[in-house]
Amino acid sequence: MLGDDAELTAAVLAARDGSEAAFRTVYRAVHPRLLGYVRTLVGDPDAEDVASEAWLQIARDLERFEGDADRFRGWAARIARNRALDHIRMRGRRPAVGGDETELTGRPALSDTADEAMESLATGSAMALISKLPQDQAEAVVLRVVVGLDAKSAAQTLGKRPGAVRTAAHRGLKRLAELLGAADSQAAGSSADSLEAVPTPRRDRTRTATSAGVTHSRSRTQKDM
């Protein structure tokens, strides 16, 4: 993935002008995060197919796109979300989207504890835990933290107000921190149980007889070998 937005912006512009190599660069930079977002909407079995449909539309409409790397990520996320919702409607299912949390927009945005929890997770573990969140929180967390959108771009993608997205992300990250803490406690308990099951090593001792007929034990030394 490209860490420099300037590099991604340059690649997007070159891809828009028809460079296939630049488009591959853009795809490699954006696809893993976009796929993670699609997974929160349609689940793992269908995510690859839906993401592929999104990339087909991205490739088709790219020549009309205008903007930098951040705007491209938001634009791609909106396309992916639309394709995912189309997929859900075709299969007769609806996403479990939570209620509007606009009334809580005065609360803080992303907590430091939750940020640290998210950063400490491997990608696979993170997505597994995110799947346990309510849909609105899961989408907000993935768009803000995984895809890397700011609150305004994420809100445009979701059709909500920025404050509502900040609140949903805050709640989701706080819940992730709790889930991570529970997972760490469980892992620590399993580790302790494993250690208790290991027998204490026995010292290697030999028995020697004294002239008085009393048997004593002493450690084996190199002289005895």
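The values are calculated or read from the model by the stated rules, or taken from the named source; none is laboratory data. Being a predicted model, the structure only gives us computed values, none of them experimental. Here Cβ is always computed from backbone atoms with ideal geometry, including for glycine, and neighbour counts include all displayed protein chains. In case anyone asks, the SASA skips ligands and DNA or RNA and just uses the protein heavy atoms, side chains included. Shrake-Rupley method; radii C 1.70, N 1.55, O 1.52, S 1.80 Å.
Key figures
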| quantity | calculated |
| --- | --- |
| Label-point gap, in nm, between R89 and S19 - each point 7 angstrom along Cα→Cβ | 3.7 nm |
| Total formal charge among the other residues, if their Cβ is under 13 angstrom from that of D4, Lys/Arg +1 and Asp/Glu -1 | -4 |
| Listed residues M90, M127 arranged by accessible area, highest first, probe 1.4 Å | M90, M127 |
| Ordering of 8-20, 170-182, 141-153 by burial proxy (mean other Cβ atoms within 10 Å per residue, highest first) | 141-153, 170-182, 8-20 |
| Computed E for Q135/F65 - FRET, C-beta separation, R0 35 angstrom, nearest 0.05 | 0.80 |
| Vicinal HN-Hα couplings computed from phi for segment 76-89 (Karplus, 6.51 cos²θ - 1.76 cosθ + 1.60; Hz; Gly/Pro x) | 5, 5, 5, 4, 4, 5, 4, 5, 5, 5, 4, 4, 5, 5 |
| DSSP-assigned coil residues among chymotrypsin sites (Phe, Trp or Tyr not before Pro) in segment 1-84, each with at most 15 further Cβ atoms within 10 Å | F65 |
| Amide N of segment 63-77 lying under 15 Å from the label point, which is placed 7 angstrom from the Cα of D150 along Cα→Cβ | 67-75 |
